[in-house]
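Quick note: the coordinates plus some simple rules give every number you see, no bench work behind them. Given the structure is predicted, the values throughout are model-derived calculations rather than measurements. Note that we place each Cβ from the backbone using ideal geometry, even for glycine, and neighbour counts take in every protein chain shown.
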Amino acid sequence: MDEIPKQTFDHLGAVTAIVASYHWTGYDTLTIIAVVLLVALASLLAIAETSLTRITKVKAMALTEIKAKRASLLLKLLENQSGFLNPVLLVAVFSQLVAATLVGAMVGHLFGAVGLAISTAFEVVVIFLLAEAIPKNWAVRNPERAALFSVPLVQAIVRFPLVRLLSKGILGLTNMVVRGKSVPLLGTVSEQELLAMADAALEEEVIETEERELIHSIISFGDTVAREVMVPRTDMVVVDESARVSEVLQVALDAGFSRIPVYKETIDDVIGVVLAKDLMRAEREGRSNQEVAGLVRLAHYVPETKPVSDLLREMQAGKYQLAIVFDEYGGTSGMVTLEDLIEELVGDISDEFDKDIVDVEKISDQEYLIVASKSLDELNEELDLELPEGEWDTLGGLFLSLLGHLPAEGEQVEVGNYRLRAEKVTRRRIGRVRLFKSESRTLSGSDE
């Protein structure tokens, strides 16, 4: 075993002699106590900062519902997140800096130049471990428990006048530096995060597939407008105001509808709606030959850009089930019913008399036959595609936009990794589109 160099003993002896000759005072005791308290405070604030910036208002509301201790105080604190974050950061930094300064002064007085290295080691090792790494790692693993534990301390700091004044001043300086840049609130949850949470919950078997689909539908419902769910004008069943009651009743029976829009001269001038029950009553009363104009009821009109969430509330409040959708020029774009809105949330609703229409028919893994009126959003989600979105809402709209004219049957267009072919074209409308993924170009005579 190698012998310890004599110089090492000389250095240790010098340090021991310095410590032995140092006269301990009450000031040194107070300094040590102050350092311990400051490091402890910084550690608690590290827990508060980490937990309160990770927990969401939704989680705080859930804790309140189960009557967790201090949950109501936590929810109230999260209402103004910037109001507590700046004071907490200010006091935490102040605690760490003052603790490091006190240690540096004390050790520097005791060891001189060597004290600089000792105080630096204290700051890096002790303060980092005790006031940063350990408390923050614990808070990450136990966010709810840490947040509830930290609430009283954070409230006390926020209410302290001097801290509140200093944090407001620093916040003002910050706003001057980052003027014009908006910062999202801490603890808020975006739509993408909610969707990801629903997907993760499904993978972990916390919720069922139907529940996940309902969550997705509810979230996307808020971003949907009337144009995306309406029955287009080309599919509307309408009658002229001069039509006879018996004729319109037959139209209603053939179509299976209880409400028929009535127009004057052209479909762009819808004057109201006639109800099947009014037609049947008139028929029974012997007014079969009467013009339907006398039975028309008030119609409700909404713009194409009307959010369907607002429209649903208006239909509920106004107790009406059909609205005429008009475009920016005042022409009729289509109509939307209460059933259309509910189906947007819960999926298709069919009865025993409805005809089953398959809007997406799978031919192979690379080939699909799709109704041109299929929503592009739904199609991308159902088949995991990446078809581009823009001013168009449907697959047919995308086809027309890419081609620039009404296609003939069999005409094709490419977009990204996909090829679209018009399968059925009637008058000025595409009926169905055959979609090929890039791998399908050699399949089933697709290039015929």
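Brief remarks follow.
- Here's how it looks for His300: its modeled amide H is under 5 Å from those of Ile324, which are all 5 or more places away or on a different chain.
- Relative contact order (%) - the range 227-346, alpha-carbon pairs under 8 angstrom, separation at least six: 30
- Amide hydrogen proximity for Lys306: with H placed 1.01 Å from N in the peptide plane, the residues at 5 or more positions away or on another chain lying under 5 Å are Ala226, Arg227.
- Computed over neighbours whose Cβ is under 14 Å from that of Val425, the net charge equals +4, Lys and Arg +1, Asp and Glu -1.
- 37 °C / 0.692 mPa s Stokes-Einstein diffusion coefficient of the range 360-442, Kirkwood radius on C-alpha pairs, µm²/s: 262
- Going from the residue with the fewest nearby Cβ atoms within 10 Å to the one with the most, Met61, Met230, Met335 rank Met61, Met230, Met335.
- Arranged from fewest to most other beta-carbon atoms within 10 Å of their beta carbon, Glu241, Glu328, Glu132 become Glu328, Glu132, Glu241.
- Over 31 Å (Cα to Cα) - which of Lys59/Lys437; Lys319/Lys424; Lys76/Lys136 fall in this group: Lys59/Lys437; Lys319/Lys424
- Under-5 Å amide H pairs with Ile363, H placed in peptide plane, nonlocal only: Tyr368, Leu369
- Taken one residue at a time, the phi angles of the range 59-74 give Karplus couplings (6.51, -1.76, 1.60, θ = phi - 60°) of 5, 4, 5, 5, 5, 5, 5, 8, 6, 5, 4, 6, 5, 5, 5, 5 Hz. Gly and Pro are set to x.
- Scattering profile of the range 245-323 at q = 0.11, 0.16, 0.20 Å⁻¹ [log10 I(q)/I(0), Debye over alpha-carbon scatterers]: -0.33, -0.66, -0.92
- Cβ-based exposure ranking for Arg419, Arg281, in which fewest neighbours within 10 Å come first: Arg281, Arg419
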